[in-house]
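Enquirer: Mind looking over this structure? Questions follow.
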Amino acid sequence: MKKRFLCTLLIVFCWTSLMGVAFAAAGAAPSQAGARKKIAIMFVNNAKTTYDGELNNAIGRNFDELFAAKYEMKPGGKYIELLNKAGIVDVAAAERADIMAVVKGVDLDYILYAELQPFLRKEKMTAFTYGIEMTAIMPIKIIDVKQNVYIYNGKFTEIAKDSSAVGGIGNKSVALKALRHTLEKMNVVVTERMP
């Protein structure tokens, strides 16, 4: 009985030692093997439309599709509030140092700020058609928190148009189309630049 216990103990010791060597060779400890990098999403909708809920849903779904599989997503609303308390109401105009100051000491790898600005609307009429042109504008900032550098700092501007012979076009459908084009452009850049 004692020999069997010692033999079992020796097998368990050898097994755990081999597993430790295997994880060390792979470059990760067992607890770190599944760790994903953390990204906080700070989003502000300044479009001020009657269909803001649909715009927010479209943008939220886009961020989920873009980041959820690779990153641990964190809400960024509290960082926007901290910036507002620090006197920075227009976060799009905030410097990297301002944003870094409010995330200091927080366990984050990246922070993304995105703002949907008011749509620019133009009407176009001819003798036979009525058309609407909507321009979507989204400033984006992506910061590598650990390195304290921008991954991206820019603005996406996309136009969508629609027209009809009768004039039954609404702003919403054209605005959603412009937003979709903007998100497609943003996704390409983010995918190329994010690690």
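Rule-based calculations on the coordinates, nothing more; no lab input. The model shown is predicted, which means the values in this text are computed figures rather than measured ones. Every residue, glycine among them, receives a Cβ derived from its backbone with ideal geometry; neighbour counts consider all protein chains shown.
Enquirer: When both residues are 6+ apart or on different chains and their Cβ atoms are under 7 Å apart, which pairs have a first residue that lies in the range 118-132 and is of a type in the set (Ser, Thr, Tyr), and a second that is surrounded by fewer than 11 Cβ atoms within 10 Å (Cβ to Cβ)?
Expert: Going by the 7 Å Cβ cut-off, the qualifying pairs are Thr129/Ala165.
Enquirer: Ile88: assigned to a strand (DSSP E or B) and either closer than 24 Å to Ala47 by Cα or small (Gly, Ala, Ser) (or both), yes or no?
Expert: no
Enquirer: Identify the single condition in (1) part of a strand (DSSP E or B); (2) over 28 Å from Leu176 (Cβ atoms) that Glu133 does not satisfy, given that it satisfies every other one.
Expert: For Glu133, the failing item is (2).
Enquirer: So, in the range 97-130, how many residues would count as being of a type in the set (A, V, I, L, M, F, W, C) and assigned to a strand (DSSP E or B)?
Expert: Residues meeting the conditions: 6.
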